[in-house]
Structures are given as structure tokens and as C-alpha cells.
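Here the structure comes first, spelled out in C-alpha cells, and everything after it is commentary.
The values are calculated or read from the model by the stated rules, or taken from the named source; none is laboratory data. Not measured: the values here are computed from a predicted model. With ideal geometry, Cβ positions are generated from the backbone for all residues, glycine too; neighbour counts draw on all protein chains shown. Just the protein is used for accessible areas: all its heavy atoms, side chains included, with ligands, DNA and RNA removed. Shrake-Rupley method; radii C 1.70, N 1.55, O 1.52, S 1.80 Å.
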Amino acid sequence: MTGLEAIFYHNGFAMAAVGITIVFTALVSLSLIISQLHRALFVWDNRRSYIKKALRLFSEPKPPESEPVVKYFDNIYESARQFNLLIRATGEPFSLPELIRTAETRGIAHAHSTVSHLIAAGLIVGDGRGYFRWNREAYEQLLRQEPK
Amino acid sequence: MEMFLDFFANTGFGLADYRNFIMIGIGIIFIYLGIAKHYEPLLLVPIGFGILLGNIPVFKGLGLSIYEPNSVLHYLYFGVTKGIYPPLVFMGIGAMTDFSTLLARPVLMLLGAAAQTGIFITFLGALALGFAPNEAASIGIIGGADGPTAIFLTAKLAQELIGPIAVAAYSYMALVPVIQPPIMRLLTTRKERLIRMEEPRTVSKREKMIFPIIAVLLCCFIAPAALPLLGLLFLGNLLKEAVVTERLAQAARTSVIDTVTILLGMTVGASTQADVFLTGKSIGIFALGAVSFGIATAAGLIFAKIMNLFLKTRINPLLGAAGVSAVPDSARVVQMVGQAEDPENFLLMHAMAPNISGVIGSAVGAGILWSFMVG
């Protein structure tokens, strides 16, 4: 038996097609894997930093430890309003310990740090004799800047 | 006088016929090509000498012929018929081969796969000419241009054809510088032959150590029948790259491969006894082998041109011709043809990548054909 008849009889075309496909599959897979080998080794070498990055993706973001937790910061307008009312009720000049104590008894959260922040913002200013005053001009300017 | 005539009748002169002299002539040509022309001397000289040994007519029954079960040559031939020598040669090749260029540009591996098309097209051609499927598979593998692979597969599928197929495979491997250049010039333009390749990246020692492990696992899981050849090829390479096994690698690439090459070449040569070798089938095998080799070369070149349609950085299509696994001769031919156009274009290093992947591809191809035939 010869010619196409022999090829068909022995299933030659199918064997040739499957054969060359398997050769290509083997070499293409191998080339794909080895083309990524140096990258895989780079990741392995830097695995600690990659693990840290991966863990960070799955954990809640924490603020850096060096910075204080200033939850009131976003709400300085509200803090300023509260202390404006408080100081108007207690009178000026005032001492800082007294102001803080009064604020705590009235239920204002984080009184100490809020007062500290109001001083930094220039809303509470010293009167040069050991007491403090409420800076009304700075307070009104702050309220004008408040986003609507 | 009668005693003298009896003795004469039992000498080589008395037993010889013209075919023995033809084969002895072929053996001498092989030795000449190896020594004077430097065509694969490490193979052609032992094979040529083996042809001389195999074609000295001997008195049957004395245990002298390679085909007599109790002869010394028969025992040495055992390594061929049982497929022992080819994997040992592969181990030596593995211990000599640097896979850096392949690891630096893995895409060139596809050229090694494309060139194996020759194996399967020739398989179809051999079927069409009336060869049995197991014989057709053994003939097709000549297109892989890999002597040990051709011998291994033929030993498994068609032992009676080992002589002609081995001689055809090694002849074409030796004639790579003659067969390939005309095909390369025919299928490429001058502009294409002038393309320069990018400098490959540096490959780390760890990559080279991991590669043989990944390659053997992947290839042998895909084509388990390639295990004897690829298993030892990558073992040899791991011995080389592991550094701590340098002594073993040294043995594999020197004493082991040299010993096996001598035994393989000599016994394959001796198996080409005139009455076995000079047949119509042998002529068919030689003709198909040449076709197979040509198709493999052309397939690699054409595939390289097709790849250039999709690659951002074009490759020199001459590299496709190195996809046949005649290591390192076809890579050298690529360098030679490339430098004929531009003496400052160095392609040898780049051509080694498809060349080595051709070795892997032809071993996978052999494994596939073997499993088809026994399955």
C-alpha cells in the first residue's frame, strides 16, 4: 500500500498533527516558564518586602505611630464653637488648667489636646500676665473659612 | 593444495562479493571525510572503521559477525540495540552545553520546535512510499539531525534499519555545511541576512541550575517517552551547572561520552554489512533522510520569518536553520552564512539557542513517535 491511501490507512495525518502539536506545546510551555524564571527569582530574593506589601493590602491602614491621634483636627470648627461658648460663660482672662477642667466637667472630649490645638491655631492667646484670652478675630476668620 | 584451497575459501577473499567492496569503499570515504575534510571526525572515523570491520567477510558460526549472538561485536552492539548508548551520549552533551543563550531569549526556542516539522512530514512521506509505520517513524527522525536520537528510536522501533538510518543521520549531520547554506540563501533575502541580533541579557548561575530541573519535569510530563534521552541530557547539564559535581560533569563530557561515541560509532558502522545495508530500502532511507533534513531547515527559516511579523525586535531568520539539532554544526553554518553578508555580524551565540532547543525538540519528537507506535 502506498500514497495517500497508506497515510490514511495508518492514520498518518492525525499522528503527524498531534506529534508536532505536542512538540510545540512542550517547547512553548518551557519557553514561557523560563522567560519568567529570572522574574520569579527576583521576587524570591525580595520576598520579605513583597510579603509585607501583601499583608498591608489585607490589613486596615494604621496612622504612623510618631504622629499623635488628633481626631478633633477635622472638626476644629466645632471645637472652636464649643470653646467660644464655654469661655463666654466662664469669662476672661482664664487660666488653662481651669479651662481644661471646666471643659472636662462639661463633657467635651479630649479637652487637653483640643486646647493645645486651639493655642496652636492662634484662637487662645496669652495676655502676657500668665493668663489667656479668646482671640475673637481669629475665631471669626476661622468660621469664614469653614467649608459649607 | 586442497588444504590451501579450503583455507582460501574461508578467507575474506574467498567469501567476499562485490557488495562487500562497495561498503569497504564507503567506509574508506567516511574515514577520508573525517580525517582530511574534518567533517564530524569524532563520528565518521569510528563509523567508517566500523564499516570496514563489518564488511570483512567472515565464516558464519565462528562468532565473529556482529549479528552472531556470541560474538564480541554483538555484545558491544547490545548498547545500541537496547538503546543504552544514545542516552549516555546525551548526558555528555548536557555536561558540555551552556543554556545561557536559550535562557536569555526563550522565544528562540520556537525555532527548535518549528524545525521538527521535518520529522513528521518525512514520516508521512515514508508512509506514502510504502514503509511500515514503525519504519516510517524511524526514517522521519533523521530530520531531527540528531544521530543518537535517530539510533535510539530505530533501536526501539525497527532494529533492522539501525545501520542505514544511523549512517544516513550521521552523514547528513556531517554534511550540514553543504546541505543547509543553499536552502538558507534560497529562503532569505540579503536584507534579512543582514539583521543584527540584540545583545542577550546576562543569565544568573541560579537560573542555569534551575533550568534542567524545570525542563526535565515539564518535557517528560508532556512526553514521558522522551525520558531516557532528556533525563540524561538534563542530568548532565545539572552536573555541569551545580559546580559541586564538577568531577562528575568532567567525566560525563570527556571519558563517558568519548567511550560511548567510540563504541556507538564502531558498532553502528559494523552493523552495515553489505547484505543488510545494500538494499532498496537503504536507498529510500537516504533519499527520505535528505528530504527530511531539507524540510527541517526550511521549516525553521520560514517560521523565523513568520515570527518577525509579530516580534517588536526582528530576529535574523537564518537562526531558523539552527533549529535542527546538529549541535553545534548548524549554528556554525548560520554564523558562516551571516558573515558572508556582513563580516561583523556575529550570530553563533544566538544560533545556539534554537540549536539546543532542536535537541530537546527532536528528543520529544522521538518520544512521541515511540509512544504512538507502541501504543
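Once C-alpha pairs closer than 8 Å and six or more residues apart are averaged by separation and normalised to the residue number of chain B, the relative contact order reads 29 percent. When the Cα gyration tensor is reduced to axis lengths a ≥ b ≥ c, the ratio a/c is 1.5 or higher for the protein assembly as shown, and with a/b above b/c it is classed as prolate.
Any idea what the relative contact order of the range B:1-128 is, in percent, if you count C-alpha pairs under 8 Å spaced at least 6 apart?
Relative CO of the range B:1-128 lands at 15 percent.
Rounded to whole numbers, the Karplus 3J(HN,Hα) couplings from phi for the range B:95-108 are 6, 9, 8, 9, 8, 3, 5, 5, 5, 6, 9, x, 4, 5 Hz, using 6.51 cos²θ - 1.76 cosθ + 1.60 with θ = phi - 60°, and x at Gly and Pro. For the peptide A:9-15, the mean number of other protein chain Cβ atoms found within 10 angstrom of a residue's Cβ is 5.
Across chain B, counting alpha-carbon atoms alone, Rg and Dmax equal 21.3, 84 Å. The charge dipole of the range B:75-374, taken about its Cα centre with unit charges on the Cβ atoms of Lys, Arg (+1), Asp and Glu (-1) only, comes to about 580 debye. Here the relative contact order of chain A, from alpha carbon pairs under 8 Å that lie six or more residues apart, stands at 17 percent.
Centre-to-centre, using Cα atoms only, the range A:1-58 and the range A:102-135 are separated by 71 Å. Projecting the Cα atoms of B:A114, B:L88, B:G367 onto the charge dipole of chain B (Cβ charges, centred on the Cα centre) puts B:A114 farthest toward the positive pole. Accessible-area rank, largest first, for B:M96, A:M15, B:M1: B:M1, B:M96, A:M15, with all protein chains present and a 1.4 angstrom probe.
Shown in residue order for the range B:79-93 are the 3J(HN,Hα) couplings computed by the Karplus curve 6.51 cos²θ - 1.76 cosθ + 1.60 at θ = phi - 60°: x, 7, 5, 9, x, 8, 5, x, x, 5, 4, 4, 4, x, 4 Hz (x for Gly and Pro).
Longest stretch of chain B clear of exposed loop sites (trypsin sites (Lys or Arg not before Pro), DSSP loop, at most 13 other Cβ atoms within 10 Å, sites excluded): B:83-200. The heavy atoms of A:Y139 present about 20 square angstrom of accessible area, all protein chains included, probe 1.4 Å. When B:T122, A:T105, B:T313 are compared by accessible area at a 1.4 angstrom probe, the order from most to least is A:T105, B:T313, B:T122.
Summed over the residues of chain B and divided among them, the accessible surface reaches 40 Å² per residue at a probe radius of 1.4 Å.
Dipole orientation for the protein assembly as shown: of the candidates B:I315, B:A128, B:L233, B:I315 has the Cα lying most toward the positive pole (charges on Cβ; Lys, Arg +1; Asp, Glu -1). By a 1.4 Å probe calculation restricted to protein chains, B:M173 has an accessible surface near 20 Å², given to the nearest 10.
Rounded to the nearest 10 square angstrom, B:L238 shows an accessible area of 60 square angstrom against a 1.4 Å probe.
Peptide B:214-225 has a mean shielding of 3, counted as Cβ atoms of other protein chains within 10 Å of each residue's Cβ. In sequence order, the range B:332-347 has phi-based couplings of 5, 5, 4, 4, 5, 5, x, 6, 5, 8, 9, x, 9, 9, 9, 9 Hz under the Karplus curve 6.51 cos²θ - 1.76 cosθ + 1.60, θ = phi - 60°, and Gly or Pro positions carry x.
Protein heavy-atom surface of the range B:1-119, 1.4 angstrom probe: 74% of the accessible area is carbon and sulfur, with nucleic acids and ligands not counted.
Determine the total buried accessible area between chain A and chain B, counting protein heavy atoms only with a 1.4 Å probe; round to the nearest 100 Å².
2900
How much of the accessible area of the range B:191-235, probe 1.4 Å, is carbon plus sulfur, in whole percent? Its accessible area is 68 percent carbon and sulfur atoms. Would you mind classifying the range B:168-289 by shape? Square roots of the alpha carbon gyration tensor eigenvalues, ordered a ≥ b ≥ c; an a/c under 1.5 is rounded, otherwise it is prolate if a/b is larger than b/c and oblate if not. Oblate, since a/c reaches 1.5 and b/c is not below a/b.
Straight-line cross-link partners of B:K205 among the aspartates and glutamates, defined as a Cα under 20 Å from its Cα and at least 8 positions apart when in the same chain: A:D45, B:D98, B:E241, B:E246.
Taking amide H atoms as placed 1.01 Å from N in the peptide plane, the amide H of A:I124 lies under 5 Å from those of A:I119, A:N135, each 5 or more residues away in sequence or on another chain. The GluC sites (Glu not before Pro) of the range B:199-302 include none that DSSP puts in a loop with a beta carbon having at most 10 other beta carbons within 10 Å.
When Rg and the Kirkwood Rh are both derived from Cα coordinates, the Rg/Rh ratio for the range A:71-145 amounts to 0.92. Peptide B:116-128 has a mean of 5 when you count, residue by residue, the C-beta atoms of other protein chains within 10 Å of its C-beta. Accessible surface ranking for B:I183, A:I7, B:I56, 1.4 angstrom probe, highest first: B:I56, B:I183, A:I7. Ignoring aspartates and glutamates fewer than eight residues from B:K37 along the same chain, the ones with Cα atoms less than 17 angstrom from its Cα are B:D329. Listed by chain and number, the aspartates and glutamates whose alpha-carbon sits under 12 Å from that of B:K305, ignoring those within fewer than 8 places in the same chain, are B:E192.
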